[in-house]
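> So that we are looking at the same thing, I have put the structure below in structure tokens.
The values are calculated or read from the model by the stated rules, or taken from the named source; none is laboratory data. From a predicted model like this one, the values you see are computed outputs, not experimental measurements. Here the Cβ positions follow ideal geometry from the backbone for every residue, glycine too, while neighbour counts run over all protein chains shown.
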Amino acid sequence: MLNIDTAPELRVYLACGSTDLRKSIDGLAVLVQESFQLDPFSPAVFAFCNRERDKLKLLYWEHNGFWLFYRRLERGRFEWPGARDCKTLLITRRELNWLLDGLPLNQPKAHPKVTAKKVV
């Protein structure tokens with residue numbers, strides 16, 4: 001099972017704007033490769049959202065096959081960046097969790113990441 005919190009090298013890419021979610025693994029992988037010029041086999045999660053912003057798919061390659069996660073909201077919408085903003089957007093896993101929880105990418109009150117060099 002995918003646990004994005006234990007893979008430090010894992011990147012998260014959002015496909016800005018809407019994506020036709022009738023696409024399955026092969027269609028989304030081709031989209032990653034051809035439209036975004038990214039490697040679908042790299043250690044990355046690729047996130048796609050539909051036009052109504054109530055459904056999303058996450059595509060991830062692990063060892064010998066793809067994972068395809070699908071989420072549908074019963075109420076509400078995902079705070080998804082529009083196509084005018086970007087083609088793809090590299091975000092943190094923390095920002096992905098915010099999006100999945102219905103929050104915008106910009107969280108000004110969130111504590112910033114601290115990178116400690118030594119204890120004392």
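> Considering the range 59-86 alone, what residues qualify as being under 17 Å from I25 (Cβ atoms) and not in a loop (DSSP other than H, G, I, E, B)?
Quick first cut of the range 59-86, residues under 17 Å from I25 (Cβ atoms) only: 59-71.
Correct list: L59, Y60, W61, E62, G65, F66, W67, L68, F69, Y70, R71.
> Which members of the range 84-102 meet the condition of being within 19 Å of K55 (Cα to Cα) and without any contact (Cβ under 8 Å) to a residue 24 or more places away in the chain?
N97, W98, D101
> How about the range 73-96: which of its residues are under 14 Å from the mean Cα position of the chain (by Cα) and more than 21 Å from V32 (Cβ to Cβ)?
E79, R94
> A follow-up question, please. Quick one: how many residues across the range 74-112 are in contact with a helix residue (DSSP H, G or I) (Cβ under 8 Å, 6 or more places away or on another chain) and among the charged types (D, E, K, R)?
The number of residues fulfilling the criteria is 3.
> Of the residues in the range 77-104, how many are at pLDDT below 85 and either basic (K, R) or in contact with a Leu (Cβ under 7 Å, 6 or more places away or on another chain) (or both)?
Total meeting the criteria: 1.
> Can you tell me how many residues within the range 28-40 are surrounded by 14 or more Cβ atoms within 10 Å (Cβ to Cβ), modelled with pLDDT of 95 or more and either more than 14 Å from the chain's Cα centre (by Cα) or of a type outside the set (V, I, T) (or both)?
Residues flagged as surrounded by 14 or more Cβ atoms within 10 Å (Cβ to Cβ), modelled with pLDDT of 95 or more and either more than 14 Å from the chain's Cα centre (by Cα) or of a type outside the set (V, I, T) (or both) within the range 28-40 amount to 5.
> Scanning the range 103-119 for residues that are surrounded by 10 or more Cβ atoms within 10 Å (Cβ to Cβ) and without any contact (Cβ under 8 Å) to a residue 24 or more places away in the chain, which turns out nearest to S18 (Cα to Cα)? Write out each step before concluding.
Taking the range 103-119 as the starting set, the residues that turn out to be surrounded by 10 or more Cβ atoms within 10 Å (Cβ to Cβ) are 103-105, 107, 110.
Pick out the ones that are also without any contact (Cβ under 8 Å) to a residue 24 or more places away in the chain and you get 107, 110.
Numbers: Q107: 23, A110: 27 Å.
By that ranking, first place goes to Q107.
> Given (1) surrounded by 12 or more Cβ atoms within 10 Å (Cβ to Cβ); (2) without any contact (Cβ under 8 Å) to a residue 24 or more places away in the chain, where does P81 come up short, assuming only one miss?
(2)
> Continuing with the same structure: All but one of (1) in a loop (DSSP other than H, G, I, E, B); (2) surrounded by 16 or more Cβ atoms within 10 Å (Cβ to Cβ); (3) not aromatic (F, W, Y) hold for L56; state the number of the condition that does not hold.
(1)
> If you don't mind, another one. Can you find even one residue in the range 87-102 that is surrounded by 10 or more Cβ atoms within 10 Å (Cβ to Cβ), of a type in the set (A, V, I, L, M, F, W, C) and assigned to a loop (DSSP other than H, G, I, E, B)?
No, the range 87-102 has no match at all.
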